[in-house]
Amino acid sequence: MNDERATADEFVRRARRLAEDFQLPQALLAARRARQLDEFNVEAHYLGGVLARRMDRLDEAVQALERACYLEKSLVMGHFLLGHTYQQKGKDALARHHYGQVLETLEGRAADEPVRFAEGMSVQMLRDLCAAAQEVASEMG
């Protein structure tokens, strides 16, 4: 692919392929390039956050996931991962906030409905995970 003319979506696809091949540093670079090409590409920000988390770059993950959630308020996996990341960083109030965002967004959705970017996880599975994580965050801080 010619980087000069490649679109953000092409870089997102490249990042996903590289991540599937466990080439995380290259995948993260491709996600960053996608964000540079299209600062409003929710998937590019989300994927960049996921990859940064997998590489223990928590500050970078937070920045990318916050941007993805800003662009798409109902991005439940973005909020869930932010909650988990903030919990890892010891910021339990922020973790509870994002877990609350997930639960609020999932209200009224069918339990068996698949969740976007959750690789087959259902709404009910995410509700259960989120409620348990929120409880732990409440106990910690």
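The values are calculated or read from the model by the stated rules, or taken from the named source; none is laboratory data. Bear in mind the structure is a predicted one, so any value in this text is a computation, not a measurement. Don't worry about glycine lacking a Cβ; one is built from the backbone with ideal geometry, like all the others, and counts go over all protein chains shown.
Below is a table of values for the structure above.
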read-out	value
Residue match in the range 115-133 (condition: polar (S, T, N, Q), crowded, with 16+ Cβ neighbours inside 10 Å and not in a loop (DSSP other than H, G, I, E, B))	yes
Residue under evaluation Val50, criteria (1) of a type outside the set (Asp, Glu); (2) under 24 Å from Leu18 (Cβ atoms); (3) in a helix (DSSP H, G or I); (4) not assigned by TED's automatic domain parsing to the domain that holds Glu10, criterion not met	(4)
Tally of residues being within 25 Å of Val123 (Cα to Cα) and in a helix (DSSP H, G or I) across the range 30-47	6
Test for Ala15: is it under 22 Å from His84 (Cα atoms), part of a helix (DSSP H, G or I) and modelled with pLDDT of 95 or more	no
Residue match in the range 114-126 (condition: outside the structural domain of Gly49 (by TED's automatic domain parsing), closer than 29 Å to Ala34 by Cβ, among the polar types (S, T, N, Q) and in contact (Cβ under 8 Å) with a residue 24 or more places away in the chain)	no
Hits in the range 52-95 - residues which are out of contact with any Leu (no Cβ under 7 Å at 6 or more places or on another chain) and of a type in the set (S, T, N, Q)	Gln63, Ser74, Gln87
Filter result for the condition that a residue is at pLDDT 95 or above, under 14 Å from the mean Cα position of the chain (by Cα) and assigned to a helix (DSSP H, G or I), over Ala61, Ala27	Ala61
All positions within the range 64-92 that are small (Gly, Ala, Ser) and under 11 Å from the mean Cα position of the chain (by Cα)	Ala64, Ala68, Gly78, Gly83
Residues located in the range 86-109, provided they are outside any helix (DSSP H, G or I) and of a type outside the set (Lys, Arg)	Gly90, Glu107, Gly108
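Per-residue answers, yes or no, for (1) within 23 Å of Leu129 (Cβ to Cβ); (2) of a type in the set (Gly, Ala, Ser); (3) buried (at least 24 other Cβ atoms within 10 Å of the Cβ):
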{"position": "Ala34", "(1), (2), (3)": "no, yes, yes"}
{"position": "Val42", "(1), (2), (3)": "yes, no, no"}
{"position": "His45", "(1), (2), (3)": "yes, no, yes"}
{"position": "Asp56", "(1), (2), (3)": "yes, no, no"}
{"position": "Ala68", "(1), (2), (3)": "yes, yes, yes"}
{"position": "Val76", "(1), (2), (3)": "yes, no, yes"}
{"position": "Leu81", "(1), (2), (3)": "yes, no, yes"}
